[in-house]
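All remarks here apply to the structure that follows.
The values are calculated or read from the model by the stated rules, or taken from the named source; none is laboratory data. For clarity, every value in this text was computed on a predicted model and none was experimentally measured. Note that we place each Cβ from the backbone using ideal geometry, even for glycine, and neighbour counts take in every protein chain shown. Remember, those area values only see protein heavy atoms, side chains included, never the ligands or the DNA or RNA. Shrake-Rupley method; radii C 1.70, N 1.55, O 1.52, S 1.80 Å.
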Amino acid sequence: MEETSGAAPRAAAAASDAMSRRISAQWADDVPPVPAVMDVLIPGCERPAELAVTLAGLAGQDGPAFSVVVSDQSADGADWKHPAVAAMVRVLRVQGRKVTLTQHLPRRGMAEHRQHLLDLAQAAQVLFLDNDIWLEPGALARMSGALTSLGCGFVGMAVQGLSYLHDDRPGERATFEPWSGPVTPERVRRDEPGFARWPLHNAANPTHLGAGLELNEDQWLAYRVAWLGGCVLFDRASLQSCGGFDFWAQLPQAHSGEDVAAQWRVMERFGGAGLLPSGAVHLESPTTVRERDVDAFDIVFPDAAAQGAADQKTAVQNRST
């Protein structure tokens, strides 16, 4: 399909639609995996049921050719030892996917864990996929084609909580803004207008955003984001040139927002975009990152954090007068 211009839907690159998954009639063939154009990087910790569902979603992808790296930080045995996870690893392997299972201890925080995964990557595209996300068939192809077509630093699918499907929040979607032309570099900080886009990805907002677009299954629309969580595909060279997650040593072990900090660095040099429709579904299990007092982006970008605190103080003073 031809790529359309402006705010109209853009078609995924045809090369990304090529089927690289072996069908069941080929599972006994002794053939090496097809070289991957994408590495799917999954950090894990004490979530075997969720990881099995995440891997099942990957098993439903036809293309592009991808490999999987699971890095586990469970204290009492790796999640992949669970029978359901082990079964899905076997399925992916007979489908022709290279699956690497690693255990990475001791824990030094999510930023260091993500850097470890990035250091293991070899493909031109790297998808950071949380271990509680199910992807609909075709999601990898859409993301890969979009990243190639747009030529930016990253694209992603905002994860949607389908238990909120009937909780329509139009007010939180007021900042929705499609990219009407090329995706260009953009600065986002706490104290700047782009930060106000963060509610776009609450609850089932991505589902409602995609509902009125009338896109075919191989089409997508790029839009402006504050950041994306859980399912972000980077151009590996762009991410590495911005330092990846090398700021991990500046952070306490208990932190969150490391994905935001990395995305902001890439956005500022190469641009980034969200994609609709989103094929990423959040399993809505309780988080394993329970201590969230420290946002990594406030440490990586301290000037923005200070300005945000000053603005909040001013707002409080104005309310009291």
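Observations, loosely collected:
- Search result, residues across the stretch 150-162 that are open to solvent by 40 Å² or more (accessible area, probe 1.4 Å) and either of a type in the set (Asp, Glu) or not in a loop (DSSP other than H, G, I, E, B) (or both): 162
- Residue pairs whose Cβ atoms lie under 7 Å apart, separated by 6 or more positions or on different chains, with the first residue in the stretch 110-127 and free of Cβ contacts under 8 Å to residues at least 60 places away in the same chain and under 20 Å from residue 229 (Cα atoms) and the second open to solvent by less than 30 Å² (accessible area, probe 1.4 Å) and part of a strand (DSSP E or B), are 116/71.
- The stretch 251-304, residues that are part of a strand (DSSP E or B) and over 17 Å from the mean Cα position of the chain (by Cα): 295
- Any hit, the stretch 63-71, residues being in contact with a Gly (Cβ under 9 Å, 6 or more places away or on another chain), modelled with pLDDT of 95 or more and over 14 Å from residue 19 (Cα atoms): yes
- Helices (runs of 4 or more DSSP H) completely within the stretch 44-130 that count 1 or more residues being basic (Lys, Arg) and farther than 28 Å from residue 295 by Cβ: 83-94
- Pick from the stretch 48-64, criterion among the aliphatic types (A, V, I, L, M) and open to solvent by less than 10 Å² (accessible area, probe 1.4 Å), ranking: nearest to residue 131 (Cα to Cα): 51
- Any hit, the stretch 232-249, residues being outside any helix (DSSP H, G or I) and either in contact with a Cys (Cβ under 8 Å, 6 or more places away or on another chain) or open to solvent by 50 Å² or more (accessible area, probe 1.4 Å) (or both): yes
- Here residue 226 clears all of (1) within 22 Å of residue 125 (Cβ to Cβ); (2) crowded, with 23+ Cβ neighbours inside 10 Å except the condition numbered (1).
- Residue within the stretch 256-266 that is modelled with pLDDT of 95 or more, within 15 Å of residue 115 (Cα to Cα) and among the small types (Gly, Ala, Ser) present: yes
- Residues (modelled with pLDDT under 95 and in contact with a strand residue (DSSP E or B) (Cβ under 6 Å, 6 or more places away or on another chain)) located in the stretch 40-60: 44
- Positions within the stretch 29-39 being surrounded by fewer than 18 Cβ atoms within 10 Å (Cβ to Cβ) and either touching a residue at least 12 places away in the same chain (Cβ under 8 Å) or touching a strand residue (DSSP E or B) at 6+ places or on another chain (Cβ under 8 Å) (or both), in sequence order: 31, 33, 35
- Inside the stretch 163-214, residues that are surrounded by 14 or more Cβ atoms within 10 Å (Cβ to Cβ) and either assigned to a helix (DSSP H, G or I) or free of Cβ contacts under 8 Å to residues at least 60 places away in the same chain (or both) make up a count of 23.
- When the stretch 130-149 is filtered for residues that are under 16 Å from residue 273 (Cα atoms) and surrounded by fewer than 22 Cβ atoms within 10 Å (Cβ to Cβ), the ones remaining, listed by number, are 148, 149.
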